[in-house]
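The values are calculated or read from the model by the stated rules, or taken from the named source; none is laboratory data. Since the model is a prediction, treat every value here as computed from it, not as a measurement. Reconstructed Cβ throughout: ideal geometry from the backbone, glycine too, with neighbour counts over all protein chains shown.
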Amino acid sequence: MIEYFKKIDWFLFAPVLLLTAIGVLMIYSTSAVGSEKESLFIRQIFYAGFGIAIFLLAGRIDLKFLKQFSLILYVASVVLLIITLFIGLETKGAVRWIDLGFITIQSSEIAKPVLVLTLASFFHNYPAKYFRNVILSFLIFAVPTLLVFRQPDLGNTIVLTFIWGSMVLASGINFKVLLGLVGAGILLLPLGWNFLADYQKNRLLSFLNPEIDPRGTSYNLVQSIIAVGSGQFTGKGFGRGTQSQLNFLPEQSTDFIFATTAEELGFIGVFIMVALFVVLILRILSISEKSKDTYYTLVGLGVASFIIVQIFINMG
């Protein structure tokens, strides 16, 4: 066991450990808001410990082993997404979770790493420099992505799209094909807009112009902006945020946990958190670049890409 810990890549593990600790502490801060949220902190400690254990266990698994089962994992994730649509828990109009009794599973979260592994395996054998392979990879990406969009879950739909796009680029797509894809994407944007639910359209419009309806569709965003701004340089102090602790800021322990962090820990706290993410991503990219195996490189780039887009979605 001691030898195993000596072999741990601490430039990779330390940022994960510290970011997890910050997350758990901020959950503790928000759990003081209402008695119903007290159990949230306890659950988060359990999940954090479980996640770290999985992280350490995964470090002992050769990715080539997972490559052999990438198709099985892909099919299983798609089946799980389909099951979610039929028997999943409905929360605020969205069906994203499966209740197993002792734990709930968000199927779209499983789909993201599985898509990375599947596309890495595919592009390792069929490079994106051939147009046919790009189309086939799009079909692989489209199936789980459309199921996630159907839940509906726009955030994870964007993440899955970013994963596919970044891995296509990393696999050496032909420049003319790339231009064609970009052009097609731009042309399809108006069509995609028509498929969005009204609340999704309102969220996007509010993001572009928070003042459009500050007491209605833009309320959450306006309150988060106030929370971030009020934190200033050093923050209001742990557990002392007015927007979060007085319930002006909704979903302070989930969707707007970043705003809560900025309000209580200020610019310094946010800077440290962002710096940890940067160290983590740079380390992943460094490992990917040094790998002599295309599969390992693509897996690393895929993981880095979905971490990056998750950061922008949660902070934006």
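What the table below lists for this structure:
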read-out: Unmet criterion (only one of (1) surrounded by 19 or more Cβ atoms within 10 Å (Cβ to Cβ); (2) hydrophobic (A, V, I, L, M, F, W, C); (3) in a helix (DSSP H, G or I)) for residue 193; value: (1)
read-out: Candidates 131, 86, 141 - the one that is more than 21 Å from the chain's Cα centre (by Cα), hydrophobic (A, V, I, L, M, F, W, C) and closer than 27 Å to residue 295 by Cβ; value: 131
read-out: Pairs with Cβ under 7 Å, 6+ apart, first in region 118-130 and within 13 Å of residue 296 (Cα to Cα), second among the β-branched types (Val, Ile, Thr) and assigned to a helix (DSSP H, G or I); value: 118/140; 119/140; 120/299; 122/140; 124/294
read-out: Matching residues, region 275-315, being at pLDDT below 95 and more than 24 Å from residue 117 (Cβ to Cβ); value: 315
read-out: Close pairs (7 angstrom Cβ cut-off, 6 or more residues apart or separate chains): within 19 Å of residue 70 (Cα to Cα) in region 298-316, of a type in the set (Lys, Arg) and assigned to a helix (DSSP H, G or I) anywhere; value: 306/112
read-out: Failed item, numbered, when residue 300 is tested on (1) within 15 Å of residue 220 (Cα to Cα); (2) within 22 Å of the chain's Cα centre (by Cα); value: (1)
read-out: Subset of region 5-30 that is at pLDDT below 85 and exposed (fewer than 15 other Cβ atoms within 10 Å of the Cβ) - its residue that is nearest to residue 269 (Cα to Cα); value: 9
read-out: Failed item, numbered, when residue 139 is tested on (1) of a type in the set (A, V, I, L, M); (2) out of contact with any Gly (no Cβ under 8 Å at 6 or more places or on another chain); (3) more than 30 Å from residue 87 (Cα to Cα); value: (3)
read-out: Residue that is among the aromatic types (Phe, Trp, Tyr), touching an Asp or Glu at 6+ places or on another chain (Cβ under 6 Å) and surrounded by fewer than 18 Cβ atoms within 10 Å (Cβ to Cβ), where the choices are 267, 248, 233, 238; value: 238
read-out: In region 247-264, the residues that are touching a residue at least 40 places away in the same chain (Cβ under 8 Å) and assigned to a helix (DSSP H, G or I); value: 257, 258, 260, 261, 264
read-out: Close pairs from region 75-91: first within 16 Å of residue 104 (Cβ to Cβ), partner modelled with pLDDT under 90 and exposed (fewer than 12 other Cβ atoms within 10 Å of the Cβ), Cβ under 7 Å, at least 6 apart; value: 89/99
read-out: Selection count where residues are in contact (Cβ under 8 Å) with a residue 12 or more places away in the chain and within 22 Å of the chain's Cα centre (by Cα), scope region 196-214; value: 9
read-out: Some residue of region 129-136 being out of contact with any strand residue (DSSP E or B) (no Cβ under 8 Å at 6 or more places or on another chain), closer than 21 Å to residue 309 by Cβ and either surrounded by fewer than 16 Cβ atoms within 10 Å (Cβ to Cβ) or not charged (D, E, K, R) (or both); value: yes
read-out: Helices (runs of 4 or more DSSP H) completely within region 43-142 that count 2 or more residues being more than 30 Å from residue 173 (Cα to Cα), at pLDDT 90 or above and not polar (S, T, N, Q); value: 70-87
read-out: Residues that are under 23 Å from residue 99 (Cβ atoms) and aliphatic (A, V, I, L, M), drawn from region 54-87; value: 54, 73, 75, 76, 78, 79, 80, 81, 82, 83, 85, 87
read-out: Condition check for residue 166: closer than 30 Å to residue 300 by Cβ and among the hydroxyl-bearing types (Ser, Thr, Tyr); value: yes
read-out: Residue list for region 161-173, filter: surrounded by 15 or more Cβ atoms within 10 Å (Cβ to Cβ) and over 16 Å from residue 196 (Cβ atoms); value: 162, 163, 164, 165, 166, 167, 168, 170, 171, 173
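Quick grid of which residues meet (1) farther than 14 Å from residue 269 by Cα; (2) in a loop (DSSP other than H, G, I, E, B):
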{"position": "206", "(1), (2)": "yes, no"}
{"position": "216", "(1), (2)": "yes, yes"}
{"position": "221", "(1), (2)": "yes, no"}
{"position": "224", "(1), (2)": "yes, no"}
{"position": "233", "(1), (2)": "no, yes"}
{"position": "236", "(1), (2)": "no, yes"}
{"position": "243", "(1), (2)": "yes, no"}
